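Below is one structure, written out as C-alpha cells; comments come after it.
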Amino acid sequence: MAAPRRRAMAAEEAAAFRAFLREGLSQYQTTPARVGRRFRKTPTAQDLHAVRIGIQSDHNPLRNAGYRTAAQIGKLVENSLGRAVPVATARLALHALETSAVAASWRRVHGWDADRWYARLIEHRKATTWADYPEWPKEQEDPLLRATAAIHPNSVDIIAQAVVRDLYNRKILRGPQRREAERIIAAGLRERQWPWLKGFTDWLRMGGSMFAVDVVEENHKSVPEGADFRQATIRLRRRDGEPVGRPATHHEFVEGLLGDQILRSESQRRAATRPRTGSKR
C-alpha cells in the first residue's frame, strides 16, 4: 500500500471508513472511550528472538504516534467518527479497535471465526489505503536503545569516568571539559538504564525458552594455600538437543548465554576485519 497521506481523506472514502469503524464498535458492543483500554500481549520466545535478529519489531504504532493513555486513544477514535481525518489517523483508529481489550474479550467469548469485522478488515487492507496497517518507523529515534545491556546503578559513574578518561588520554577532551563530560555521559546512561534492563531481561527470558545450558566438564582443584576452586566448561545447546553434563545453575545459565554471545560477536568482528583476498584477472 502507498504511504498514508497527511491531508484529510476525500468525502467518499471518509464515509466508507467511518461506516466501517462504527460497524466494528457495534459488533464488539463498545464505545470509543472503552476502545482506549489495551489488550496486553505477552511476547513469546519466538517474538523476542525475531526482534533480536531484526525480522520483527516491537514498535507500538499508537504509543509512537503520541497516543499513550486510554483517554487519548479513546479521543482518537471519537474524533475519527466525527470529523475528516488523514489516512494515517484512520489507520491508527482501526488499529486501536482491532487491538483493544474489548475486542480481545469479545473474541474470547465468540471465537475468532465469528469475528466478521476482523475478516472484513483483512479484506479492506488488500483493497483500500485507509485500512492498511499504521506506518512503521524507518529507524528508532535513539539508536542506543537497540543495545542490550544491564548496568548496576553503582557502576554508572565508574563507566562515565572511564569513558572520559579514554577520551582525555586520546586528546579528544581537554582537562576542563572532563567533569561536564562525565556528568552528561552518566545522565545518558541513567536515562537508558530501564529500557536497556528490560531488553536484557527479555533476552535472558528468550534464552530460557529456546536454549539449555549444560556444564560439560567440571574439575575441582586445590592450591598449596589449601583453597579449592572449580573450573567448569559450559555448553549452550538448543532445547531439543541431547543433554551433555549436568544442568547449569542460574548464574551458569547466564554465564553460558553471555559467553556464547561474546564468542559470536568476536567471530563476526574478526570476519569483518579479515583482509579479503581474491585473484586478479
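Readers should treat all values here as calculations from the given coordinates under stated rules, not as data from a laboratory. Just so you know, these numbers come straight off a predicted model, no measurement behind them. Cβ atoms come from the backbone with ideal geometry, glycine included; neighbour counts cover every protein chain shown.
Numbers below:
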{"quantity": "Charge context of Glu252, other residues only, Cβ under 12 angstrom, K/R +1, D/E -1", "calculated": "0"}
{"quantity": "Eligible aspartates and glutamates near Lys198 by straight Cα distance, threshold 17 Å, same-chain separation 8 or greater", "calculated": "Asp47, Asp58, Asp142"}
{"quantity": "Residue-by-residue Karplus 3J(HN,Hα) for region 124-131, coefficients 6.51, -1.76, 1.60, Hz, glycine and proline x", "calculated": "4, 5, 7, 10, 10, 7, 6, 9"}
{"quantity": "Rg ratio (alpha-carbon, reference 2.2 N^0.38 Å) - region 143-273", "calculated": "1.40"}
{"quantity": "Karplus-derived HN-Hα couplings along region 146-162 (A = 6.51, B = -1.76, C = 1.60, θ = phi - 60°), whole Hz, x at Gly and Pro", "calculated": "7, 6, 10, 8, 9, 10, 5, x, 6, 8, 4, 5, 5, 5, 4, 5, 5"}
{"quantity": "Nonlocal amide H pairs with Arg37, under 5 Å, H built at 1.01 Å", "calculated": "Ala101"}
